[in-house]
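Asks: Okay, handing you the structure first.
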Amino acid sequence: MKSWSKQLEHQLESRLGLKPGRLTGRRIRASELAFFTRQLAALLGSGIPLEKCLLAMAEQARPAVREVFLGLQDGLREGLSFQQALSRYPLDFSESYRGLVGVGESSGSLSRVLARLADDMEAANSLRHSLLSALAYPLIVSAVALIVVMALMAYVVPQIVSVLESQQQDLPLLTRSLMGLSSFLQAYGKALLIVAALFLISAIASYRRFLVFRLWFDQKLLYVFLIGPMLQTAESARLASSLGTSLSGGVNLLRALRTSSLVLRNHYLQERLTVVTQWVREGAELGRSMAQTGGFPPLLVQLISTGERSGELAKMLSLAAEQMTQDLRRRTLLLTSFLEPALILGMGLVVLLIVLAVMMPLIEMNTLLR
């Protein structure tokens with residue numbers, strides 16, 4: 001069985017043009033790839049041969065990444081182009097990355113193309129980090145609030161409720177509602193968690209397995225309040241940046257569209273861009289095709305149309321990527337500035353209702369005793 005799996009692995013590697021033993025997981029992180037791309041562009045720009053550049057980067061990389069750079073150096077010594085050597089590591093270097101490297105090699109401007117790639121990757125990493133840092137606090141507050149409320153409902157409230165029930169007095173509506181909710185969670189809480197987990201697992205499995213479900217889900221995701229427009233802007237900024245980099249490197253429009261579709265994570269927008277690519281192949285304008293298919297923001301469509309009319313499409317795409325990135329940062333700051341006080345206020349309101357439901361009967365008992 002083990003020999004059969006090894007044989008299958010070698011067959012797959014030979015079909016993909018990979019060297020035996022290269023079918024491994026991703027080793028280079030996004031931040032590392034941007035750093036090494038920037039470093040490689042600087043070394044090539046200073047006149048150092050590519051093989052020595054790769055050796056210099058391998059010497060300062062961690063072991064897993066060092067193996068990648070040494071493998072690239074071995075590929076160059078075997079007579080492969082840099083693009084072909086990168087193809088041995090498809091999980092570390094995307095198709096759009098490898099395509100631009102091939103354009104840079106053929107045009108003799110590899111260092112300039114790599115510098116532009118590094119700019120784009122650094123901008124994308126900075127945007128991702130700013131989004132994560134902006135959303136971290138609201139997510140932590142939500143998690144803490146949920147844990148506190150569940151703990152109160154599952155452990156604290158039932159003990160107090162048992163004391164109140166032993167007094168055999170009429171309880172306020174708020175207290176009775178809280179008691180009913182607490183009893184429901186005690187009786188069916190575990191079942192609800194199991195059902196929710198099964199639903200989540202089935203949804204994830206359906207998303208990975210069925211293309212129709214992926215397209216439907218990603219399309220609906222673009223219309224979610226507040227989140228949908230931000231996702232659309234982020235995807236469009238990523239597309240504009242990739243297209244602009246490809247066109248600046250000398251890639252023709254059709255090839256740039258095909259490689260840039262790989263940077264999109266939303267499958268519905270990928271499908272829309274495939275339709276756009278087909279129309280452009282038939283002679284239609286890019287801006288008009290994107291407007292007719294839908295799914296892309298008007299700003300991107302307008303700047304693309306302007307670039308096509310002025311003959312500066314790559315410049316307009318870079319401008320669109322910059323403006324949409326700034327707009328996404330502005331929306332994120334606005335969303336987080338609204339979410340933080342809203343979550344704190346909501347948590348305080350829930351805790352206040354629980355405290356009132358518990359204290360109101362105690363206050364009534366104290367009044368009767370007096």
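What follows is calculated from the coordinates using simple rules that are stated; it is not laboratory data. Since the structure is predicted, the reported quantities are computational estimates derived from the model, not experimental observations. Neighbour counts run over all protein chains shown; Cβ positions are idealised from the backbone, glycine included.
Asks: What length, rounded to one decimal in nm, is gained on full extension from residue 201 through to residue 130, with 0.36 nm per residue of separation minus their alpha-carbon distance?
Replies: Separation in residues times 0.36 nm, less the Cα-Cα distance, equals 22.6 nm.
Asks: Ok, one more. When ranked by the protection proxy of mean other Cβ atoms within 10 Å per residue, highest first, what sequence do the peptides 346-353, 108-115 form?
Replies: Those peptides, ordered most packed to least, come out 108-115, 346-353.
Asks: Still on this structure, I have one more. Among the aspartates and glutamates, select those whose C-alpha is under 20 Å from the C-alpha of residue 220, and discard any that sit fewer than 8 residues away in the same chain.
Replies: Here the aspartates and glutamates satisfying the reach criterion relative to residue 220 are 235, 271.
Asks: Take the Cβ-Cβ distance between residue 288 and residue 177 as r, set R0 to 51 Å, and report the resulting FRET efficiency rounded to the nearest 0.05.
Replies: FRET efficiency, residue 288 to residue 177: 0.30.
Asks: Turning to a different aspect of this structure: Considering only the other residues whose Cβ falls under 14 Å of the Cβ of residue 219, what net charge follows from Lys and Arg at +1 and Asp and Glu at -1?
Replies: Result for the local shell: +1.
Asks: Quick check on the stretch 232-322: take the gyration tensor over C-alpha atoms, sort the square-rooted eigenvalues as a ≥ b ≥ c, and tell me if it's rounded (a/c under 1.5), prolate or oblate.
Replies: rounded
Asks: Another question, then. Based only on other Cβ atoms within 10 Å, what is the fewest-to-most ordering of 38, 255, 77? Mind dumping the intermediate values first?
Replies: Working: 38 17, 255 14, 77 10.
Least crowded to most crowded, the residues run 77, 255, 38.
Asks: Counting other C-beta atoms within 10 Å, which of 148, 355, 276 has the fewest, and how do the rest follow?
Replies: Starting with the residue having the fewest Cβ neighbours, the order is 355, 148, 276.
Asks: May I ask you to sort 105, 271 by Cβ crowding, counting other Cβ atoms within 10 Å and putting the fewest first?
Replies: The fewest-first ordering by Cβ neighbours comes to 105, 271.
Asks: Please sort 228-235, 173-180 by packing, taking for each peptide the average over its residues of neighbouring beta carbons within 10 angstrom, highest first.
Replies: Highest to lowest by the protection proxy: 228-235, 173-180.
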